[in-house]
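The values are calculated or read from the model by the stated rules, or taken from the named source; none is laboratory data. Please read these numbers as outputs of a predicted model, since none were measured by experiment. Reconstructed Cβ throughout: ideal geometry from the backbone, glycine too, with neighbour counts over all protein chains shown. When the accessible area is computed, the model is the full protein with side chains, heavy atoms only, and any ligands, DNA or RNA have been set aside. Shrake-Rupley method; radii C 1.70, N 1.55, O 1.52, S 1.80 Å.
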Amino acid sequence: MEFCLGRYTGTLMRVALSCSLALLASTSAFSQYLPFPSTNVTRAPRLAPMAITPGGQRLLLSESGVEVSYDPNARKLVSNKPGWWIVNYPLEKVKNYDGPIAGLSQLLFDVPQEYVWNWYLKTPGTAAAEPPAPTGPAPIEPTPNPTIVVNQRAENASDSNPGTTNAPLATISAAVKRATPGEVIHVHYGVYRENVLIEASGTAEAPIRLEGIRGPEGMPVIDGNEPFPANSWQPTIWPGVFRADLFTGYEGPVSLNSVPLIERNLPSALQPGEYASNRGSREFLTLNVDPKTKPKEGDQFADRTWRRVGLDGEGFLNLNGLDGTSAGNSVYWLSTNVWIQPANPATFDPAKAASIPASLFIDGHFRAYRSTGTRLVDQANKNRIWVNGELLPSTVYSTAANVEIFQPHPHRNAGIFEEWFNFPLKEGWNHLVFQMDTTIRPDNTRMRFNFPQGVTARTSADPPTALNQPNSQPALGTVAQYLVLGPFPANPDRGIYVRLPGNANPNEHNLELAARATGLLGLVTAKGDYTYIRGFAVRNGTHYQQQPLVALQGYSNLLESSLLTGAETVAVTCNANKDSTTPATVIRNNWIYNPGNVGFGCSGVSEQLTADTIDSTTPGRSSAIFEHNYVTGNNWGGFSLGWSAGSSKSFKISGLVYRYNTLDGGSGPGIWLDFEAWNNRIEGNLFRDAYRYAI
């Protein structure tokens, strides 16, 4: 049962949607242990001070240019922006009033200041001009009197300095290691290529403040990439395509002038603005076998013979030992034919075979796409696959304008095995060709191709003699027969290939490669509590599945006015595993550009809940506030819409307040409250072109 309240208040043009989800009694396992939560929606915390223009823009005060003064004759407040709504303007900033703030509150509202929750002001008159739309997060007002100063570009910057304005530190990491409650750390502009881990905690009265000081060049940058060494790039046989070594030890994203390039499959097919990586061999990039040719056992190619190979006792094809030697440091070709049972066998016409794209797993130590956030030495061997003569993409780049999420492609998760989405089999006979490279894991050469769940299939090493009927082989859950060609000796490549706009020489441009990964930590991580991170650009690196650029792992933390770009998976996450009496973690006024799957999200736990606490202190479910954030271009990596995708995904969450965010485009949904979510508020958000659904 769903309870929603929508309200429209006066001329403020404020539309609020408050929803609480409660399930009727059921036989679910959850209901055996805990009652269902009440339908009480969490109280909205005070709105952040902001202005709403006649055109509907919602601007925080620091970007609005609003000033409010007291008119003693009229005994009221007036603003310098007629026709604008002003929300919760700080009384201590009101001009032309010299008395105590408590007196002003009593004068205006006839109540003490602590009882003023939300208040609004609109000055009559001709509306002020509509300002241009913001192009980034509103600037912060730095806390005065810093206790530690970081200035990478100062001539005398050193981590052995005291950290004063005249003797600053060189790295943010050195500053946060010195942090104690009440510390105010100012970081001046520079590109700080480091992982920042804040392990100390502040207090409610004395938080740790890490603040970026914005200068003419912008906000200080925390970057997960490193520049390619000088003259790294060499031209290749493909026009406009250049190659460099994977010098950081990561097969990860590449950026041009700090903007990520689009990753594609093969160097030979690159378009301007794209790159491809190859952890395999140089021979892997040379297409020797025509994948549209269907070989028979005994056929010859390049002094090699196509030979029939069966499986081991676990259903794996093992390339090692096929000819009494190791299969390592080689390239192999595999061919097989797969029969998929038609829906109507009696009337089946191969010329009208229906497509049945589905998800399937390939076990073993081969992957078409890398395991994200993992070092090169820990990757699986590289392969690629053709189905009925068509090469399957090893990576997609899905956007609102060009949705590629439903193309066949492998997942980006961690691990050695590989899952494929929308694998393009069809009814009747299918021809599959695999190219396998064994240079990363020369001792791990097993592969098992599993059919989609519920699909009845047979295999034949040789091409079928009749296209409209299966052979006599038994129906199995895996491919049972292959023809194998090889080995072809191979030399490791370990290369990055780029093609720049205008086929420009990359040695003359600023290109960078992922050098830092996010495992259980982010590029920036607040492990402690009461840590306020404000005013940074955080970008790039390579990210383990569902791990973020910024991780708020403690409670009552703040991430504000930051620009998050180049997240290969998630931009920002927070933990909510205290209880509902804990002050909220706040994520406010951040701009998140093109996260690989999810913009931001939060999660709590359920283990501490009881029948007596589920609607009172709600242990394991501290609150969080997401407000005034901008997210665009989510899920370009093509993650499953039912697993982890969208502008925001939170689960096991209660007391979440989600308001005044702008969620723009992408190939995932807008706001996703996953399982065990109740007593949350969603109000005042703007959605543009959310894919599938907004909420």
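In the list Ala51, Ala102, Ala29, Ala44, which residue meets the criterion of being aliphatic (A, V, I, L, M), loosely packed, with under 14 Cβ neighbours inside 10 Å and modelled with pLDDT of 50 or more?
Details: Ala51 fails: loosely packed, with under 14 Cβ neighbours inside 10 Å; Ala29 fails: modelled with pLDDT of 50 or more; Ala44 fails: loosely packed, with under 14 Cβ neighbours inside 10 Å.
Of Ala51, Ala102, Ala29, Ala44, the one residue that is aliphatic (A, V, I, L, M), loosely packed, with under 14 Cβ neighbours inside 10 Å and modelled with pLDDT of 50 or more is Ala102.
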message = Please determine whether any residue of the range 503-518 is more than 30 Å from Gln234 (Cβ to Cβ) and over 35 Å from the mean Cα position of the chain (by Cα).
response = no
remark   = Checked against (1) in contact with an Asp or Glu (Cβ under 7 Å, 6 or more places away or on another chain); (2) surrounded by fewer than 24 Cβ atoms within 10 Å (Cβ to Cβ); (3) not β-branched (Val, Ile, Thr), His543 satisfies every condition except (2)
note = From the option list Gly163, Gly182, single residue qualifying as touching a Gly at 6+ places or on another chain (Cβ under 8 Å), modelled with pLDDT of 95 or more, on the phi > 0 side of the Ramachandran plot and not in a strand (DSSP E or B) is Gly182
message = I'd like the full set of residues that are assigned to a helix (DSSP H, G or I) and either of a type outside the set (Val, Ile, Thr) or under 26 Å from the mean Cα position of the chain (by Cα) (or both), limited to the range 341-358.
response = Pro345, Ala346, Pro350, Ala351, Lys352
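Residues being assigned to a strand (DSSP E or B) and either out of contact with any helix residue (DSSP H, G or I) (no Cβ under 6 Å at 6 or more places or on another chain) or aromatic (Phe, Trp, Tyr) (or both): count how many of those fall in the range 196-208.
Matching residues across the range 196-208 total 2.
Within the range 209-217, is there a residue that is within 21 Å of Glu568 (Cβ to Cβ) and assigned to a strand (DSSP E or B)? Lay out the reasoning, then the answer.
So in the range 209-217, the residues within 21 Å of Glu568 (Cβ to Cβ) come out as none.
No - not one qualifying residue is present in the range 209-217.
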task = Could you grab the pairs with beta carbons closer than 8 Å, sequence gap of 6+ or different chains, first residue in the range 571-597 and touching a residue at least 12 places away in the same chain (Cβ under 8 Å) and at positive phi, second one open to solvent by 30 Å² or more (accessible area, probe 1.4 Å) and in a loop (DSSP other than H, G, I, E, B)?
result = Asn594/Trp636
remark   = Within the range 144-188, the count of residues that are crowded, with 19+ Cβ neighbours inside 10 Å and either closer than 15 Å to Ile533 by Cα or in contact with a His (Cβ under 7 Å, 6 or more places away or on another chain) (or both) comes to 14
ask   = Is there any pair linking a residue in the range 477-493 that is more than 13 Å from Gly280 (Cα to Cα) to one that is surrounded by fewer than 24 Cβ atoms within 10 Å (Cβ to Cβ) and of a type in the set (Lys, Arg), with Cβ under 7 Å and at least six apart or on different chains, and which?
value = Thr478/Arg448; Gln481/Arg308; Leu483/Arg307; Leu483/Arg308; Val484/Arg307; Leu485/Arg304; Gly486/Arg304
task = Filter the range 288-330 down to residues that are of a type in the set (Phe, Trp, Tyr) and more than 41 Å from the chain's Cα centre (by Cα) and give me whichever is surrounded by the fewest Cβ atoms within 10 Å (Cβ to Cβ).
result = Phe301
request  = With the checklist (1) under 28 Å from Ala138 (Cα atoms); (2) assigned to a loop (DSSP other than H, G, I, E, B) in hand, flag the one item Asn73 doesn't pass.
outcome  = (1)
ask   = Residue check, Phe361 against (1) open to solvent by 20 Å² or more (accessible area, probe 1.4 Å); (2) in a loop (DSSP other than H, G, I, E, B); (3) of a type outside the set (S, T, N, Q), all met but one. Which one?
value = (2)
query = Residues of the range 193-226 being within 17 Å of Leu521 (Cβ to Cβ), open to solvent by less than 20 Å² (accessible area, probe 1.4 Å) and among the acidic types (Asp, Glu), which ones?
reply = Asp223
query = Does Gly313 qualify as being in contact (Cβ under 8 Å) with a residue 12 or more places away in the chain and either assigned to a strand (DSSP E or B) or not aliphatic (A, V, I, L, M) (or both)?
reply = no
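Just one of Arg516, Arg494 is out of contact with any Ser or Thr (no Cβ under 6 Å at 6 or more places or on another chain), under 17 Å from Arg193 (Cβ atoms) and surrounded by fewer than 24 Cβ atoms within 10 Å (Cβ to Cβ); which is it?
Working: Arg494 fails: under 17 Å from Arg193 (Cβ atoms).
When all the criteria are applied, what remains is Arg516.
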ask   = Can you tell me which residue in the range 644-685 is nearest to the chain's Cα centre (by Cα), limited to those that are open to solvent by 10 Å² or more (accessible area, probe 1.4 Å) and under 15 Å from Val570 (Cβ atoms)?
value = Lys649
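Mind listing whichever residues of the range 84-96 are surrounded by 15 or more Cβ atoms within 10 Å (Cβ to Cβ), of a type outside the set (Val, Ile, Thr) and part of a loop (DSSP other than H, G, I, E, B)? Explain how you work it out, then say what you get.
To start, the set of residues in the range 84-96 that are surrounded by 15 or more Cβ atoms within 10 Å (Cβ to Cβ) comprises 84-89, 91, 94.
Now narrow it down to the ones that are of a type outside the set (Val, Ile, Thr): 84-85, 88-89, 91.
Within the range 84-96, Trp84, Asn88, Tyr89 meet the criteria.
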inquiry  = Report every pair of residues separated by at least 6 positions or lying on different chains whose Cβ atoms are under 7 Å apart, first residue within the range 433-455 and closer than 21 Å to Thr478 by Cβ, second open to solvent by 20 Å² or more (accessible area, probe 1.4 Å) and of a type in the set (Asp, Glu).
reply    = Arg448/Asp363; Asn450/Asp363
query = Which numbered condition trips up Ala400, out of (1) closer than 30 Å to Arg516 by Cβ; (2) surrounded by 22 or more Cβ atoms within 10 Å (Cβ to Cβ); (3) of a type in the set (A, V, I, L, M)?
reply = (2)
